[in-house]
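Undergrad: Before anything else, here's the structure in question.
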Amino acid sequence: MSQFREILLKYWGYDTFRYPQEEIIKSVAEGKDTLGLMPTGGGKSITFQVFSMANSGVCLVITPLIALMKDQIANLQKRGIKAVAIYSGMTQHEIEVAVDNATYGDYKFLYLSPERLKNYYFRERLKIMHVNLITVDEAHCISQWGYDFRPPYLEIAEIREILPNVPVLALTATATPEVVDDIQDRLNFPVHNVFQKSFERKNLVYYVINTEDKIRKLFSILNKVPGSGVFYVRNRKKTREYAMLLQQNGISADFYHAGLSAQERSEKQEAWQKNQIRIMVCTNAFGMGIDKPDVRLVIHLDLPDSPEAYFQEAGRAGRDGKRAYAFLLTNNADKTQIKKNITTSFPELTKVKEVYSEVCSYLGVPYEGGANQDIPFDIFDFSAHSHIDVLTVHNCLKTLEFAGFLEYVEDTNTVSRIMFDVRRDDLYKFQLENKNLDEFIKLILRLYTGLFTDFVNVSEEYIARKAGISEQSVYEYFKVLAKHKIISYIPKINKPIIRLLMERRRENDMYFDRKALDSRKERVVTKMEAMLRYATSDNKCRSQQLLAYFGETDVDRCGECDVCKRRNELGLSKYEFDIILEKIKRILGDSPYLYNELIDKVGEDETKTVNVIKWLFDNNKVLYNEERKIIWHK
């Protein structure tokens, strides 16, 4: 058994890899920059985790999702593997401790968000850190052609200059051929090197259902398809409303969005994963890093913004390999809504500048000040204060983020953290001198470990329950200990964070690259239109449509989606249908034919040929010209 397989078995309990996991690991082991394309749930993290465990040193993992970082670190720690993270909301002291542990300790993984790559302390330590691999997760974010482009990803190329001999492993589950090339170019791959597993999910059946009564159809689906599910809607208010509606109709459901506290999100997610709740009604904040294999259906009530987003969200169903369904409910209003989304997603620059100034004033940031501070930001309170609607504020912040003025981090819900800043002997001396704090300190030491080497997550509520005191009392104890420099104490944050990436500018001094902004809008519009085409097309297998978008054109139709089901009703096998279809396309490619002439020319069973021609007319693939001859509708 190879070393990689031994590690896989020891830590993960599997004795074989899934393609192309082992091929990717071997490529990186040969020192080659590598891009791995694997579908959602395909086991991307195994590739860099196994490689790093087989080599000395630490693996840098760059990912934009704080929730995903925390989830992967928790999973590694359960296996006895040390991992640490750097992300928005951490103090400079926390960052220094994390980096020092990765540099001098026995930590194997250092996770960080791309925005942290600019941190001076991190870059200096990186020069002496023993790094065995740079992993770029969600690598499509580095490409301006990707559906979730994040400018800080462009910093990765600079990190490579500090670590010139360290290979790069880029991973993504959603990339068009154009994005695949762009990722490798932007990461400075000397030679393009891609391992790809087909994005095809044979067990996942896609349905698009056009209905003017989406709610009625929703209940019909939930009553017909048993099992755990995810129900995606566009805004936070709808998550609560629909969850209550499902509950009132006897369906076990709860709601989830980024505005909930860390504890609420964790409790809801855990209940759903344990099947105590059947349906999770959520925004797209739900799903990243959640590996629940037995999800039987994913339902979208609203159109996602891109085929990539839809493919990733729908792909959370059926990870156990058993039959699962992805339903997209549409109606005639969706086209209008898409146009509205395009308009609202790109506010005028005058409005963007106005929001920037209002936000800075709201946060108390002076002109020429405020750079690189993480400031909690309540977007709803700001909206009420400024009389600017929340959606406009959100989209203006996204534009400001793209232009490099600030960083807006929504998924920052964190728990409180503490770390002892004194040695054990000095702590014991402090306890003798401060009897009123002695029992509290002893309780903390009993409840938590590792407090002298790293920041440890703590719960004031849990400590209060164990001590028989109020949460406020726990908070006050921590503040006293911090004041005496016995501990570093960082209270939990339940709000998004804004970090100004430069000193506050006056509106006249704000520069925007209009060409870049126009290109961004063009790319987003193109993806929205592609999503609308998928939702309104009814003449090509759903799986084939999605796979073709990602560059896979040589795949069979699934035979199970709504389009294939209608085709199956013709009474032909897939083979028979495709034979007749190809003949008709070839014949009409030469010249138009009268109806009976075409049937004779095909030379197959007349009834079956008639059925195929009828299907082609119904699906607008062929039509009559002025001479009443059939032509192929290109």
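The values are calculated or read from the model by the stated rules, or taken from the named source; none is laboratory data. What you are looking at is a predicted structure, and each value in this text was computed from that prediction instead of being measured. Because the Cβ atoms are built from the backbone with ideal geometry, glycine has one as well, and the counts that use them run over all protein chains shown. Protein only, heavy atoms only, side chains kept; ligands, DNA and RNA dropped before computing areas. Shrake-Rupley method; radii C 1.70, N 1.55, O 1.52, S 1.80 Å.
Undergrad: When all protein chains stay in place, what accessible area (Å², nearest 10, 1.4 Å probe) is found for residue 553?
TA: Rounded to the nearest 10, that gives 110 Å².
Undergrad: Still on this structure, please answer the following. What Kirkwood radius, in Å to one decimal, follows from the Cα pairs of region 534-634? Write down the numbers at each step before the final one.
TA: Details: mean 1/r = 0.0700 Å⁻¹.
Mean inverse Cα-Cα distance, inverted, gives 14.3 Å.
Undergrad: If ligands, DNA and RNA are left out, what is the accessible area of residue 465 with a 1.4 Å probe, given in Å² to the nearest 10?
TA: The accessible area comes out at roughly 150 Å².
Undergrad: Can you order the peptides 352-358, 500-506 by their average number of other Cβ atoms within 10 Å per residue, highest first?
TA: Descending packing order for the listed peptides: 352-358, 500-506.
Undergrad: Next question. Round to a whole angstrom and tell me the spacing of the C-alpha centers of region 194-255 and region 97-122.
TA: 39 Å
Undergrad: Still on this structure, I have one more. Relative to the present Cα-Cα distance, how much length would full extension add between residue 148 and residue 322 at 0.36 nm per residue of separation?
TA: Working: separation 174, 0.36 × 174 = 62.64 nm, distance 2.98 nm.
Net length gain for the segment: 59.7 nm.
Undergrad: For region 53-199, report the % of Cα-Cα distances exceeding 24 Å.
TA: 30 percent
Undergrad: Can you give the Rg to Rh ratio for region 139-274, taking only C-alpha atoms and Rh from Kirkwood?
TA: Expressed as Rg/Rh, it is 1.10.
Undergrad: May I ask you to derive the relative contact order of region 485-601, considering only C-alpha pairs under 8 Å and at least 6 residues apart, and to give it as an integer percent?
TA: RCO, region 485-601: 13 percent.
Undergrad: A follow-up question, please. Over the chain, what percent of the accessible surface lies on carbon and sulfur atoms, probe 1.4 Å?
TA: It is 47 percent, rounded to a whole number.
Undergrad: Provide Rg over Rh for the chain; use the alpha carbon set for both Rg and the Kirkwood Rh (inverse mean inverse pair distance).
TA: Across the chain, the Cα-based Rg/Rh ratio is 1.01.
Undergrad: Write down the accessible area per residue of region 276-394 in Å², having rolled a 1.4 Å probe over the full set of protein chains.
TA: 41 Å²
Undergrad: Which value, in Å², gives the accessible area per residue of region 522-581 when a 1.4 Å probe is used on the protein heavy atoms?
TA: Ligands and nucleic acids excluded, the result is 46 Å² per residue.
Undergrad: Towards the positive end of the charge dipole of the chain, with charges on Cβ (+1 Lys, Arg; -1 Asp, Glu), say which of 338, 415, 54 has the farthest Cα.
TA: Result: 415.
Undergrad: Among the lysines, which have Cα under 17 Å from the Cα of residue 483 when same-chain residues fewer than 8 positions away are ignored?
TA: Within the straight-line cut-off, residue 483 pairs with 429, 435.
Undergrad: Something else now. Take residue 485 and residue 579, extend 7 Å from each Cα along the Cα→Cβ direction, and tell me the distance between the two endpoints in nm.
TA: Computed distance between label sites residue 485 and residue 579 equals 8.7 nm.
Undergrad: Hey, what's the per residue convex hull volume over the C-alpha atoms of region 306-416, in cubic angstrom? Intermediate results must be reported in sequence, preceding the final value.
TA: Numbers: hull volume 19.3 nm³, N = 111.
Hull volume over Cα atoms, normalised by residue count, gives 174 Å³.
Undergrad: Using the heavy atoms of the protein chains alone and a 1.4 angstrom probe, what is the accessible area of region 22-65 per residue in square angstrom?
TA: 23 Å²
Undergrad: Please compute the length gained on full extension between residue 387 and residue 225, using 0.36 nm multiplied by the number of residues separating them and subtracting their Cα-Cα distance.
TA: Details: separation 162, 0.36 × 162 = 58.32 nm, distance 4.41 nm.
Going from the current span to full extension adds 53.9 nm.
Undergrad: Which order do the peptides 213-222, 526-535 take when ranked by the mean count of other beta-carbon atoms within 10 Å per residue, highest first? Write down the numbers at each step before the final one.
TA: Values: 213-222: 15.6, 526-535: 17.9.
Ranking, from highest mean packing down: 526-535, 213-222.
Undergrad: Still on this structure: Per the Kirkwood definition applied to all pairs of different Cα atoms, how many angstroms is the hydrodynamic radius of region 458-548?
TA: About 19.8 Å for region 458-548.
Undergrad: Among 515/621; 214/339; 118/353; 398/492; 238/274; 274/540, which pairs are too far apart, with a Cα-Cα distance over 31 Å?
TA: 515/621; 274/540
Undergrad: Right, here's the next one. Within region 471-492, list the residues whose amide N lies under 17 Å from a label point set 7 Å along Cα→Cβ of residue 439.
TA: Of the residues in region 471-492, 471-478 have backbone N under 17 Å from the label point off residue 439.
Undergrad: Could you work out the Rg to Rh ratio of region 125-216, with Rh taken as the Kirkwood radius (inverse of the mean 1/r over all Cα pairs)?
TA: Expressed as Rg/Rh, it is 1.16.
Undergrad: What value, in deg cm²/dmol to 500, does the helix sum -39500 (n - 2.57) over DSSP H runs of n ≥ 4 give at 222 nm once divided by the residues of the chain?
TA: -13500 deg cm²/dmol
Undergrad: Right, here's the next one. For residue 266 and residue 241, compute 0.36 nm times the residue count separating them, minus their Cα-Cα distance, and round to one decimal in nm.
TA: Values: separation 25, 0.36 × 25 = 9.00 nm, distance 2.03 nm.
Extra length from residue 266 to residue 241 when fully extended: 7.0 nm.
Undergrad: Further question: Sequence-distant or interchain residues sharing an amide H contact under 5 Å with residue 299, placed H: which?
TA: Close amide H contacts, sequence-distant or interchain: 230, 231, 232, 327.
Undergrad: Next question, about the same structure. Rounded to the nearest 0.05, what FRET efficiency do residue 538 and residue 590 have when you use their Cβ-Cβ distance and R0 = 30 Å?
TA: 0.60
Undergrad: If you don't mind, there's one more thing I want to ask. Tally the DSSP beta bridges in the chain and give the antiparallel ones as a percent, rounded to 5.
TA: 30 percent
Undergrad: Kirkwood Rh over Cα pairs of region 196-309 into Stokes-Einstein at 25 °C, 0.890 mPa s: D in µm²/s?
TA: In µm²/s, the coefficient rounds to 164.
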